[in-house]
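Asker: Have a look at the structure that comes next, please.
Every number here is computed from the coordinates shown, using simple stated rules; none is lab data. A quick note: this is a predicted structure, and the numbers were derived from the prediction, not measured. All Cβ positions, even for glycine, are placed from backbone atoms using ideal geometry, and neighbour counts span all protein chains on display.
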Amino acid sequence: MSAIALAPSASVSNPIPLRELWPWLVFGGLIALIAIYFVGAEEGATSLISGMYVHEFVHDGRHLLGFPCH
């Protein structure tokens, strides 16, 4: 039976540079803002889409997150 030892450098992970993370952080932030808008503000005077389709689609999520809607 052979004994295999790990090299010390094999257990050290390299951090991801911020310049590679930045586009993903911006993308995630924009998606989060769009989701918060549709769940929290897409009704009434701030509505971008006519009708109540979006409101009814996210209705239970509004209550779960504490947004009043009626």
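Here is a yes/no grid of residues against (1) touching a Cys at 6+ places or on another chain (Cβ under 9 Å); (2) aliphatic (A, V, I, L, M):
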{"position": "LEU18", "(1), (2)": "no, yes"}
{"position": "PRO23", "(1), (2)": "no, no"}
{"position": "ALA32", "(1), (2)": "no, yes"}
{"position": "ALA35", "(1), (2)": "no, yes"}
{"position": "SER47", "(1), (2)": "no, no"}
{"position": "HIS59", "(1), (2)": "yes, no"}
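Asker: I'm trying to understand the selection: among the residues of segment 35-55, which are surrounded by 11 or more Cβ atoms within 10 Å (Cβ to Cβ) and assigned to a helix (DSSP H, G or I)?
Answerer: Quick first cut of segment 35-55, residues surrounded by 11 or more Cβ atoms within 10 Å (Cβ to Cβ) only: 35-43, 47, 49, 52, 54-55.
Scanning segment 35-55 gives ALA35, ILE36, TYR37, PHE38, VAL39, GLY40, VAL54, HIS55.
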